[in-house]
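Enquirer: The structure follows.
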Amino acid sequence: MNQSHPNSTDLSRREAIERLYLMGWAQTRIARQVNISLEQLTAELQVIRDGWVQSSLRRVDAAQAQELARIDHLESVAWAAWRRSCQDDETTKAVWTDGAKSRAEKTTRKQTGDGTFLTRVAWCIDKRCEILGLKERLQHKPNATTDHVEVDQAKAAIDQILAAVDEREGASGSETTPDRFAHGTRRRGKSAGSE
């Protein structure tokens with residue numbers, strides 16, 4: 001069966017298989033009903049499941065894109081409001097003399113910006129990172145097993161480097177041990193912790 005370009009018969013059969021499968025029919029019964037082998041049914045069910053996954057991924061991607069667009073818009077509005085809140089505030093009032101307007105008086109007040117707009121910008125950035133999954137990737141979650149192995153590997157690598165330095169410099173008059181991280185070891189006359 002050509003899965004890349006199924007014909008209408010394949011599609012109608014696949015729709016029937018999907019409907020029966022969702023109704024809870026046993027696979028042997030579905031195969032008999034649509035007149036195909038169990039191997040063919042297994043292949044059809046895999047195509048159906050793959051379609052479900054792709055469909056749900058597209059829906060999630062579309063919903064994610066929509067929410068990201070909303071957040072982008074909110075962030076741009078917050079930045080514009082922040083810029084406006086940093087501009088000087090000017091007020092003009094009419095000065096009256098003997099019941100007649102004599103002049104206009106302009107007052108300018110310096111603005112420092114409203115921090116609530118920056119709080120909204122920070123919220124937008126945080127939400128965007130959350131939706132994109134960046135927060136989980138950036139947070140280090142300690143793992144006792146792998147962290148211990150990584151530390152041991154780092155110690156071994158440092159020991160190799162220090163051994164190479166000792167060889168290059170001739171290591172004259174220096175005390176060294178294979179594990180310079182052991183408590184109380186000394187190198188070049190200093191304690192390991194004071195280097």
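Derivation of every value follows stated rules applied to the coordinates shown; laboratory data play no part. Keep in mind that what you see is a predicted model, and the values were worked out from it rather than measured. Because the Cβ atoms are built from the backbone with ideal geometry, glycine has one as well, and the counts that use them run over all protein chains shown.
Enquirer: Could you pull out every one of the lysines with an alpha carbon less than 26 Å from that of Lys135, ignoring same-chain neighbours closer than 8 positions?
Expert: Excluding near neighbours in sequence, the set is Lys127.
Enquirer: Which three lengths, in whole Å and largest first, does segment 1-112 cover when its Cα atoms are put on their principal axes?
Expert: For segment 1-112, the Cα spread along each principal axis is 104, 27, 27 Å.
Enquirer: For every other residue with a beta carbon closer than 15 angstrom to the beta carbon of Lys127, add +1 if it is Lys or Arg and -1 if Asp or Glu, then tell me the sum. Let's see the in-between values first.
Expert: Numbers: positive: Arg70, Arg120, Arg128, Lys135; negative: Glu67, Asp72, Glu75, Asp126, Glu130, Glu136.
Combined, the nearby Lys, Arg, Asp and Glu give -2.
Enquirer: Could you pull out the trypsin sites (Lys or Arg not before Pro) across segment 108-138 that fall in loop regions by DSSP (anything but H, G, I, E, B) with no more than 14 other Cβ atoms inside 10 Å? Present the calculation step by step, with values, prior to reporting the outcome.
Expert: Details: sites: Arg109, Lys110, Arg120, Lys127, Arg128, Lys135, Arg137; in loops: Lys110.
Of the trypsin sites (Lys or Arg not before Pro), the ones in loops of segment 108-138 whose Cβ has at most 14 other Cβ atoms within 10 Å are Lys110.
Enquirer: Per residue, what volume in Å³ does the Cα convex hull of segment 8-63 take up?
Expert: Hull volume normalised by residue count: 77 Å³.
Enquirer: Mind listing the Cα extents of segment 77-138 along all three principal axes, in Å, largest one first?
Expert: Principal extents (Cα only, largest first): 72, 15, 11 Å.
Enquirer: Using DSSP to define loop residues, name the chymotrypsin sites (Phe, Trp or Tyr not before Pro) in segment 1-85 whose beta-carbon has at most 16 other beta-carbon atoms within 10 Å.
Expert: The qualifying sites are Trp25.
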